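No value in this document is a laboratory result; all are computed from the given coordinates. In this text, all values refer to a predicted model and were calculated from it rather than measured experimentally. Counting neighbours? That spans all protein chains shown, and the Cβs are built from the backbone with ideal geometry, glycine included.
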């Protein structure tokens with residue numbers, strides 16, 4: 001019985017470490033760029049179909065929700081979710097802003113990841129998710145700085 005309790009405690013502690021900090025998400029690019037300039041961070045835009053796109057869901061679960069990515073993002077990124085859901089309704093202003101961003105960055109598939117420097121210069125525009133883990137994804141971002 002004591003072994004089971006210790007095992008449960010270890011699992012709970014490990015789960016807390018894996019979760020990491022919350023991923024602060026911004027939904028407004030001008031606010032994200034202002035924050036990135038102030039804090040000298042990159043801006044990562046995640047163009048996603050969060051409720052219907054299997055690769056988008058996999059990228060979110062595998063990379064963006066990992067403790068390793070959240071810890072990295074906290075100090076290095078301003079994360080902007082640009083969502084195109086099918087089953088949930090977005091406010092009209094957000095939907096229009098998302099459409100405008102999609103046109104600006106020429107998004108033609110999901111997920112699309114766009115990375116900007118703190119001044120707004122586009123450093124990366126990648127369509128799709130190839131299954132890479134958080135460490136590989138972070139390594140790619142580090143090369144952009």
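Using the Cα gyration tensor of region 38-127, with a ≥ b ≥ c the square roots of its eigenvalues, what is the shape: rounded (a/c below 1.5), prolate (a/b larger than b/c) or oblate (neither)?
oblate
Mind checking the full-extension length gain between residue 62 and residue 96? Use 0.36 nm per residue of separation minus the Cα-Cα distance, one decimal, nm.
9.4 nm
For helix 2-19, report the angle its Cα long axis makes with the longest principal axis of the Cα atoms of the chain; keep it between 0 and 90° and round to the nearest 10°.
Tilt relative to the chain: about 10 degrees.
Simple spin-label model, 7 Å along Cα-to-Cβ: residue 123 to residue 76 in nm?
The answer from the label model is 0.9 nm.
List the relative contact order of region 20-142 as a percent without decimals, with contacts defined as Cα pairs under 8 Å and 6+ residues apart.
Rounded, it is 36 percent for region 20-142.
Tally the DSSP beta bridges in the chain and give the antiparallel ones as a percent, rounded to 5.
Roughly 55 percent of the DSSP beta bridges within the chain come out antiparallel.
Over region 94-145, what is the relative contact order in percent, taking alpha-carbon pairs closer than 8 angstrom and at least six residues apart?
Worked out over region 94-145, it gives 25 percent.
Starting with the highest mean, order 134-142, 37-45 by the number of other Cβ atoms within 10 Å, averaged over the residues of each peptide.
37-45, 134-142
For n ≥ 4 DSSP H runs only, could you compute -39500 (n - 2.57) per run for the chain, divide by its residues and tell me the 222 nm figure to the nearest 500?
Value at 222 nm, helices only: -14000 deg cm²/dmol.
Compute the long axis of helix 92-104 from its Cα atoms, compare it with the longest principal axis of the Cα atoms of the chain, and write down the angle in degrees, 0 to 90, nearest 10.
The two axes meet at around 70 degrees.
Under 10 Å, Cα contacts only: if you run a Gaussian network model on the chain, which one of 130, 117, 83 comes out with the highest mean-square fluctuation?
Maximum fluctuation in the GNM of the chain, among the listed residues, is at 130.
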